[in-house]
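In what follows, a structure is listed as structure tokens, so that the remarks can point back to it.
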Amino acid sequence: MKKAFYKFTILAALAVGTMGVSACATNETQTISVGDVTMYDPYEDYNRTMFKFNNAVDDAVIHPIAKGYNTVLPSPVRTGVTNVLRNLRSPVDFSNQVLQGDAQGAHDVAVRAVVNTMVGGAGLFDVAAYEGIPYEFEDFGQTLAVWGVPHGPYLVVPIIGPSSARDYFGFFVDSYLDPLRWYLFNIDEEGIYYGKVGLQYLNLRASLVDVLEDLENSSIDYYAATRSAYYQQREALVNDQDSGEFAVPDIPDYDDE
Amino acid sequence: MKHNIRLSLVLLSGAAAFAGGFAGDVQNVSLTSVAVAEDAKHAEAEGFIQNLTDRGVAFLSDDSLSVEQQKKEFKTILNRDFDLKTIGRFALGRYWKSASAEQRDEYLELFNVMVIDVYSKRFEDYNGQDIKIVGSRAEGKKDVLVSSILKQDGGPDVRLDWRVRQKGSQFKVVDVIVEGVSMSLTQRSDFASVIQRGGGNVEALLQHLRS
């Protein structure tokens with residue numbers, strides 16, 4: 001535990017450091033904003049290179065596997081996999097709800113975990129959602145956002161894809177918040193943990209096959225469209241918390257002019 | 001096996017509605033209470049989207065239509081129920097001001113063509129997704145944001161929000177927001193980047209749209 005906290009502190013310092021640098025390095029052409037929240041892309045050249053690299057890997061390996069996954073597994077099986085993975089993630093979702101001070105959210109995660117584990121066949125069926133408690137994805141990046149930490153620079157991470165200094169940092173914290181990881185590492189079964197992470201990745205990518213194809217087809221600059229979509233989606237996740245409401249861009253009434 | 005989350009189908013199925021006689025039916029609510037008027041407007045907006053999606057689904061599942069017929073219908077509907085001028089202008093962002101009158105006209109024309117081309121490619125991918133209206137809220141001074149859920153086989157539900165604006169006696173869609181991602185804003189980010197990287201001139205975007 002102590003070691004983890006130590007690492008956490010270093011990562012936090014790093015993240016905050018990067019954000020400081022980025023604030024100086026930005027200029028107007030590299031920002032994206034909705035409402036009062038802004039994201040910067042000071043490393044655009046690097047990010048574009050990485051984006052190209054990721055797409056090349058994706059085209060050659062990941063996309064075909066994801067398509068195969070969708071083809072081979074019938075849809076109820078894929079839904080089951082999603083449900084089990086979500087259920088296994090409950091401790092992480094729970095911790096983040098608590099850290100965000102969202103008592104209702106934490107309560108919902110706990111109820112969902114108990115109901116779906118006991119009644120839903122070890123998480124295979126999302127019984128709780130039918131009962132009116134839908135799944136809510138929470139991660140440490142969102143928790144930081146709730147605490148007022150800005151995105152920092154936009155980052156395209158190798159293989160993982162679009163992220164930001166804040167969200168990428170959160171990604172690591174989440175793995176430390178996961179008791180399953182601690183348990184599996186303690187019994188020297190790291191392989192199972194990494195297998196689970198791999199399946200999570202594949203499951204997510206497979207569910208995005210069509211979305212990403214559409215985004216690529218409908219955009220001229222796929223990099224810019226992806227950056228915008230990533231940013232908006234993260235904002236929606238952060239703001240969606242209880243109310244189900246989120247900020248939408250202001251579209252003026254041009255007839256007024 | 002065919003599947004799932006169809007960003008474009010969403011817009012498509014919405015756009016594919018014939019607004020036949022419906023959109024003009026805005027009730028003239030006596031203003032005894034603003035709240036009552038607001039409620040009525042929300043109900044109208046929800047009805048408008050319900051109608052749009054119903055007809056969209058009907059149109060997409062009609063196998064008797066040829067691709068050309070579908071495309072033609074889609075075009076009619078898009079022009080009728082979507083405020084493409086507002087969407088197009090919003091998508092151009094601050095570069096609208098620097099564009100000449102000729103560039104603006106050409107841009108709007110090309111934008112229309114682009115939207116139709118992009119979404120027409122997706123006609124055959126439709127496989128029975130269903131859209132359920134779940135509520136609405138006021139957005140800004142004039143607009144209503146109608147929320148719906150796209151139900152699909154073997155994938156998670158997709159949250160869709162339709163930004164509806166009253167134009168005279170008609171409702172028009174000015175934005176579709178998929179899981180928090182605004183199509184109009186994403187398009188705007190895309191176009192802005194193309195223009196910036198092309199030296200800050202709208203001509204750079206027009207060149208891409210022409211090809």
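Values in this text are rule-based calculations from the coordinates and carry no lab data. As the structure is a prediction and not an experimental result, all values here were calculated from the model. Note that we place each Cβ from the backbone using ideal geometry, even for glycine, and neighbour counts take in every protein chain shown.
Structure notes:
- Hydrodynamic radius (Kirkwood) for the stretch B:105-149, which is based on Cα pairs only, to one decimal in Å: 13.7
- Inter-chain Cβ neighbour average for residues A:88-94, partner chain, 10 Å: 0
- Annotation note: GluC sites (Glu not before Pro) in the stretch A:38-140 located in DSSP loop regions with a Cβ neighbour count of at most 16 within 10 Å are A:Glu131.
- Neighbour cut-off at most 15 other Cβ (10 Å), DSSP loop, trypsin sites (Lys or Arg not before Pro), the stretch B:131-211: B:Lys141, B:Lys142
- Restraint check, A:Lys67/A:Lys196; B:Lys121/B:Lys167; B:Lys71/B:Lys167; A:Lys52/B:Lys71; B:Lys141/B:Lys172, Cα-Cα greater than 23 Å: B:Lys121/B:Lys167; B:Lys71/B:Lys167; A:Lys52/B:Lys71
- 3J(HN,Hα) along the stretch A:61-78: 10, 6, 4, x, 5, 4, 5, x, 4, 5, 6, 6, 8, x, 4, x, 5, 4 Hz, from the Karplus curve 6.51 cos²θ - 1.76 cosθ + 1.60 with θ = phi - 60°, whole Hz, x for Gly and Pro.
- Local charge for A:Arg89 was computed over the other residues whose Cβ lies under 14 Å away, with Lys and Arg +1 and Asp and Glu -1, and equals -4.
- If you plug the beta carbon distance of B:Val118 and B:Lys75 into 1/(1 + (r/R0)^6) with R0 = 22 Å, you get a FRET efficiency near 0.95.
- Label zone at A:Val61, where the point sits 7 Å out along the Cα-to-Cβ direction: the stretch A:193-215 residues whose backbone N lies under 17 Å: A:194-206
- Amide H contacts under 5 Å for A:Leu155: A:Ser163, A:Ser164, A:Ala165, restricted to partners 5 or more places along the chain or on a different chain, H placed in the peptide plane at 1.01 Å from N.
- Approximating the spin labels as points 7 Å out from Cα along Cα→Cβ, the B:Ile149-to-A:Glu213 distance works out to 2.6 nm.
- Neighbours of A:Glu44, meaning other residues whose beta-carbon lies under 12 angstrom from its beta-carbon, give a summed charge of 0 when Lys and Arg score +1 and Asp and Glu score -1.
- Alpha-carbon centroids, the stretch B:131-209 and the stretch B:54-93: separation in whole Å: 14
- Partner chain coverage, peptide A:73-82 - average Cβ within 10 angstrom: 3
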